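Down below is the structure, laid out as structure tokens.
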Amino acid sequence: MKILVAGGAGYLGCVLIPKLLDRGYEIDVVDLFWFGNHLPRQVRIVHKDIFDLSTDDLKGYEQIIFLAGLSNDPMAEFSPRDNFIFNAAAPAYLGYIAKKSRVRRFVYACSCSVYGYKENELLDEGHPAVCAYPYGIAKVQGEQAAMQLQDGNFSVISLRKGTVSGYSPRMRLDLIVNTMFKTAMRDHTITVNNPSIWRPILAIEDAASAYIRAIEAHQNISGIFNIASGNYTVGEVGDLVRDAIQQHAGFRVNLEIKQIQDFRNYKVNIQKAENVLSFHPQHDVKSIVANLIEHSTRFDDWDNPVYYNLQAFKNLAGLCKEEPRQQMAMASD
Ligand SMILES: NC(=O)c1ccc[n+]([C@@H]2O[C@H](COP(=O)([O-])OP(=O)(O)OC[C@H]3O[C@@H](n4cnc5c(N)ncnc54)[C@H](O)[C@@H]3O)[C@@H](O)[C@H]2O)c1
């Protein structure tokens, strides 16, 4: 099966794609390479903006996975304009031309952040996705556009993922467990911004499994699925990361507990993904930390801006004041 992964050079794509190759799939990646190229050599690269693809470019693909866009709140707050273009319009456009090109399935990278701020509720996919910040709004818009396209010949699967963490060859240190890991190793301190806030955490290995389950699901399956390894309070995540590092590294790690107001707070039910996709997470915070420890020598230049999406994005945007979207495509060439 031939699959196109849009945004496949990112953090998640660089873990997912080697697994897809191992299963015998032929993989092409279309990407702007904002964070470099860490993909295996057998992947065919299309160095383009999604908006520069045509229906002809998509002929011959059976499935398309959308992993592109501005992948966190700080990037979306920094450039709401680019957020709505890349996160809402790009999946709408790609899904639309995919269907016209007779692609069979579109898998969309959504986020649990669409749930906003909910206290003491375990949210399933039927719960209204209501939030008031640009990243969450655009991710819902992209999802709605994609879901409208589904029919008997075109399956659409949206994976609402928790915060992904763990090692990737294209590393990010701006994701909760990864950030705590970094400051514990570098400063022997973990800052917990608000211990009572809930977050679904998703090990990157479990995230990759969810995409594999989605592309291998029966053709008549479409739908929205919550995907997480587990729900934790941020305070508990801090304790688990600290304990794992103290045990491994043998030094004491301090916890700095703050009470900063957060606009995201949610925990999700993943039963639908278990029942329909046979998604069964295998990881937890402890095993994510073990995975980070195993690979830590590959990213212990902790302050390298490329590990921080907002910093890397600002650096690209700084190169191109006049027309950020197009110029960023050029700047990343
Ligand atoms: N990482 C997480 O915790 C998380 C959680 C929930 C959802 N998601 C979603 O999953 C997806 C993947 O996340 P990630 O962490 O791998 O992201 P990432 O930021 O590491 O990678 C995104 C990639 O998309 C590319 N890209 C962006 N816009 C493009 C365009 N218009 N055309 C071509 N390429 C483009 C970038 O160059 C980059 O390589 C994103 O859509 C994100 O919103 C991520």
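No lab work stands behind these numbers, since they all come straight from the coordinates. The structure displayed is predicted, hence computed values, not measured ones. Note: ideal-geometry Cβ built from the backbone for every residue, glycine included; neighbour counts use all protein chains shown.
Does the range 34-50 contain any residue that is buried (at least 20 other Cβ atoms within 10 Å of the Cβ) and away from the ligand (no atom under 14 Å from the Cβ)? No, every residue in the range 34-50 fails to be buried (at least 20 other Cβ atoms within 10 Å of the Cβ) and away from the ligand (no atom under 14 Å from the Cβ).
In the range 248-290, the qualifying residues are those that are among the charged types (D, E, K, R) and in contact with a helix residue (DSSP H, G or I) (Cβ under 7 Å, 6 or more places away or on another chain), and the one that is nearest to TYR167 (Cα to Cα) is LYS286.
The rows are residues; the columns are (1) closer than 19 Å to PHE299 by Cβ; (2) more than 22 Å from the chain's Cα centre (by Cα).
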{"position": "TYR167", "(1), (2)": "yes, no"}
{"position": "MET171", "(1), (2)": "yes, no"}
{"position": "ASP174", "(1), (2)": "yes, no"}
{"position": "THR183", "(1), (2)": "yes, no"}
{"position": "ARG186", "(1), (2)": "yes, yes"}
{"position": "THR189", "(1), (2)": "yes, yes"}
{"position": "TRP198", "(1), (2)": "no, no"}
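The residue list SER229, SER222 contains one member that is in contact with a Pro (Cβ under 9 Å, 6 or more places away or on another chain), more than 11 Å from the ligand (Cβ to nearest atom), touching a residue at least 24 places away in the same chain (Cβ under 8 Å) and among the hydroxyl-bearing types (Ser, Thr, Tyr), which is SER229. Please indicate, with yes or no, whether at least one residue in the range 109-119 is away from the ligand (no atom under 13 Å from the Cβ), of a type in the set (Lys, Arg), more than 22 Å from ALA317 (Cβ to Cβ) and surrounded by fewer than 22 Cβ atoms within 10 Å (Cβ to Cβ). Scanning the range 109-119, I find at least one residue that is away from the ligand (no atom under 13 Å from the Cβ), of a type in the set (Lys, Arg), more than 22 Å from ALA317 (Cβ to Cβ) and surrounded by fewer than 22 Cβ atoms within 10 Å (Cβ to Cβ), so the answer is yes. Exactly one residue among ASP174, ASP206 is of a type in the set (D, E, K, R), over 22 Å from GLU121 (Cβ atoms), within 13 Å of the ligand (Cβ to nearest atom) and crowded, with 21+ Cβ neighbours inside 10 Å, and that residue is ASP206. The strands (runs of 3 or more DSSP E) falling completely within the range 1-99 include none with 2 or more residues that are under 17 Å from ARG170 (Cβ atoms) and out of contact with any strand residue (DSSP E or B) (no Cβ under 9 Å at 6 or more places or on another chain).
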